[in-house]
Structure formats: C-alpha cells, structure tokens
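Below: the structure, in structure tokens.
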Amino acid sequence: MEGLLKPCINLQQKPGGSHFVHNHVKFREVIKGSSVRRLPILPAKKRMLRTNGLRVFVLSDLHTDYSENMVWIKGLSVMNYKNDVLLVAGDVAETYEMFVYTMSLLKDRFHGVFFVPGNHDLWCRRKGEKYHDSLAKLSALLDACRELGVETSPNIVDGVGIIPLFSWYHESFDREKDITGVAIPSLKMACKDFHACKWPKNLSSKDLSLAKHFDDINAKHTDATNGIVSRSKQIITFSHFLPRPELCPEKRMLFYPNLPKVIGSDYLEARLRTLHGIHGSPHACHMFGHTHFCWDIWLQGIRYVQAPLAYPRERKRGMNGGAEWLPFCIFDSENGGLPPKLSECYWSDYYTSHKREPDNTQLAPWVAKYYSRRK
Ligand SMILES: [Fe+2]
C-alpha cells in the first residue's frame, strides 16, 4: 500500500508489512458492509482475440525501469490486441532509451497507441541524458513517438474521439485542510520531481505557471479537438495527473498527507467540462494515472478511471489487486461501449458509500501509527 505515498515521493517509509496489512484489513472490514458491490474485473488473459469492432484499453504508470514491469510488458500478447487501441497515461520510464523501447513493444502489440507524459518521463537526473531541461526531454519524447507512430494529439479511431491532455500539477490544486501535529517532510524532501526535473526559471508548480504551460499545449489543438468532439459520440480523454481532488483519498488516509499538493491540475477539469459538457454525458470518460490507486467512478456525468501497473512492491502487497486485470478495457464497440458497471476499486468503492470529510484531520489508524513510530 505504498501508493498511499506516491510515485514521486522519496520519503523512506515502509508501512510495516503485516502490521500495516492488518490495520488495512481491519479498515476494509469496517467499510465492507456499506461499500457498493461491483463486478470483478475480467482478467486480461481471458479476453479473446476478435476480428471485429474496436476496443480501447488503458494503462498508466508502467515504470519499466523496474525489470518486473518490463517483463510484464513483454508478456502482453502479440496477437490479442492487434485491432485495439491502448491509451498510455504517463510514467512509462525514467530514461529516454527505456521509454523508446517500451513504446516500441506496445506499438508492436496494439493497432494504435496514444501517450501523454508523466513526471517520471521528464526526469533528467541520469548520467548520459544531457537534456537542457525537462522541456527539452519532452520534445525528444514527442519526436520519438512521432517516429514510432505513437499518437500524442487528438484523433478519431473508428468513430471514437481520443483526446490526450497534457498536464502538470500545481500546489493550489489542494484545497483541503492540512494535517498538523505530526512531522510531515516538506514537498522538496519527499518528492523526487523537485530534484529530477529541470524547468526554466519562469515555470514552477508552486504557482500556476507550470500547469498553465502544459495546458497551453492542449490549447494548440483546440480546433482539431472541437472537430473531433462534434463528430464523435464517444469521447475518451486521458491525462497523467488528476483533474479533481476527489480522485485521491483524503489526506488523513495517506502516509504522506501532503500528496494532494503534487498530483493534479484544475486546468484539466476545466478542459474536461469543455469537452464532455458541463454535466458530462453517458459517453463521457476520462482516464488518469500518477497516484497508483485504481479508480472507477462517475462524478458529475464523467466516468473517471485509473488503471496503474504501479511498482512491483505495490503489486506484491496486493495493491490494486495485482496486474491480471491490466490493461483495462474501457471501451468495447461490440459490447455497448463503456463497461455498463463500475469495476471493483478499493478507494472509489469507499467514496461511493462514504462522504468525503475534507475538514477531518484525524489520522487513519495506520497513518497515526506510522507517524508515532517516526517520533
Ligand atoms: Fe506520476
């Protein structure tokens, strides 16, 4: 359950294996009775190759710098997805070389691959990677995608509008009450992005400048996007970062309670409401990544989905139910489009039956125990 910290978080903390699992299980038991029962996700390997129709699969946080994750990617069928599209919602790999290799493997397996960058993709800390800054690396990654045939701009595939949305987080995305009374490491200490990314002096996540810079990339596609929206009944948007704070557990549940300051952008939600409609629609779907929590929920007429491969240690701990259900099929033209029922996802199940309490700063038992041990 290390995802309670998060991907860019450098905080050395081990939730303590069995002790943590015990508390976590107890917590699950507490909420179990009132949580909504959802259909289990069909394991990916049980899906058969078909020759007709379009399926759209989603996957985020591939982190193929980890050999186990690369093995998982290589293990994806080279036959089953030949007519399908995969949306890759960022954090593919830390190095350019590994990024290109991973995307080429995916392109070999899927008919079409779309990509938006995550924070790890723009790290510039490895020796031998001599990018002037993270924007230069972004440019190199987009060039590589062009050469591989990986799409990074909006397009229509068999009548389905697919719209990649570039983004970066800003601290003001977090508007919920801060946790006090425990020694929470600073963002700079806890989040590797602040050391591994390099930005021009005028761009920062402390204000809106960096988030706006990335959203301006989306603005360049406005005409194309409007055309796609007007011609497509089904629109699927995707980003690496979160469009809404409600797509992350409350701070009191998190080992790193300041995580919400480095996960999302308000620009994204504004874009989504422009594209999907202010009240959404039965066909409105957005997928995201970054926090490594699987998620599947309808909020104000838009279906929000996260399907992360995440870190090997997170899968070993059973977080997100392993990886058998990945990549996740979010659209199937032969079966009515979007899956009619929400899939079982721990935290989105929890928030379907529990009200969010943004002013409640009482730490969850596992978080309180963790910080008491750190004293
Ligand atoms: Fe990320």
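Taking the residues in segment 280-319 that are assigned to a helix (DSSP H, G or I) and more than 15 Å from the ligand (Cβ to nearest atom) as candidates, determine which candidate is surrounded by the fewest Cβ atoms within 10 Å (Cβ to Cβ).
Going through the qualifying residues, I end up with Lys316.
A search for C-beta distances below 7 Å between a residue of segment 283-297 that is within 15 Å of Met319 (Cβ to Cβ) and any residue that is among the hydroxyl-bearing types (Ser, Thr, Tyr) and within 14 Å of the ligand (Cβ to nearest atom), counting only pairs 6+ apart in sequence or on different chains, returns Gly289/Ser60.
Looking only at residues of segment 74-87 that are closer than 11 Å to Asp108 by Cα and of a type in the set (A, V, I, L, M), we find that the one that is surrounded by the fewest Cβ atoms within 10 Å (Cβ to Cβ) is Met79.
For segment 69-95, the set of residues classified as within 16 Å of the ligand (Cβ to nearest atom) and in a helix (DSSP H, G or I) consists of Asn69 only. Of the residues making up segment 329-358, those that are at pLDDT 95 or above and exposed (fewer than 14 other Cβ atoms within 10 Å of the Cβ) are His354, Lys355, Arg356, Glu357.
Here is a yes/no grid of residues against (1) part of a loop (DSSP other than H, G, I, E, B); (2) out of contact with any helix residue (DSSP H, G or I) (no Cβ under 6 Å at 6 or more places or on another chain); (3) surrounded by fewer than 18 Cβ atoms within 10 Å (Cβ to Cβ); (4) β-branched (Val, Ile, Thr):
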residue	(1), (2), (3), (4)
Lys188	no, no, yes, no
Lys212	no, yes, yes, no
Ile236	no, yes, no, yes
Pro249	yes, no, no, no
Ile278	yes, yes, yes, yes
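Kindly indicate the residue of segment 165-183 that is under 17 Å from the mean Cα position of the chain (by Cα) and among the hydroxyl-bearing types (Ser, Thr, Tyr) and also farthest from Val367 (Cα to Cα) among those meeting that condition. Step by step, filter segment 165-183, then rank; the result is Ser167. Looking only at segment 52-68, count how many residues are away from the ligand (no atom under 16 Å from the Cβ) and in a loop (DSSP other than H, G, I, E, B). Qualifying residue count for the region: 3.
Count of segment 112-147 residues, restricted to those that are of a type in the set (S, T, N, Q), over 18 Å from the mean Cα position of the chain (by Cα) and crowded, with 17+ Cβ neighbours inside 10 Å, is 1.
Among the residues making up segment 88-111, a single one is surrounded by fewer than 21 Cβ atoms within 10 Å (Cβ to Cβ) and of a type in the set (Gly, Ala, Ser): Ser104.
When segment 259-276 is filtered for residues that are farther than 20 Å from Pro164 by Cβ and crowded, with 22+ Cβ neighbours inside 10 Å, the ones remaining, listed by number, are Leu259, Pro260, Val262. Consider segment 238-247 and keep the residues that are away from the ligand (no atom under 14 Å from the Cβ) and not in a helix (DSSP H, G or I). The one that is surrounded by the fewest Cβ atoms within 10 Å (Cβ to Cβ) is Arg244. If we scan segment 187-207, do we find a residue that is closer than 30 Å to Ser372 by Cβ and more than 16 Å from the ligand (Cβ to nearest atom)? Yes, there is a match, as at least one residue in segment 187-207 is closer than 30 Å to Ser372 by Cβ and more than 16 Å from the ligand (Cβ to nearest atom). When the residues of segment 101-141 are filtered to those that are part of a helix (DSSP H, G or I), of a type in the set (A, V, I, L, M) and under 22 Å from Lys192 (Cβ atoms), the one that is nearest to the ligand (Cβ to nearest atom) is Leu122.
The values are calculated or read from the model by the stated rules, or taken from the named source; none is laboratory data. Nothing here was measured: the structure is a model prediction, and the numbers come from that model. Cβ coordinates were reconstructed from backbone atoms using ideal geometry, including for glycine residues, and neighbour counts include every protein chain displayed.
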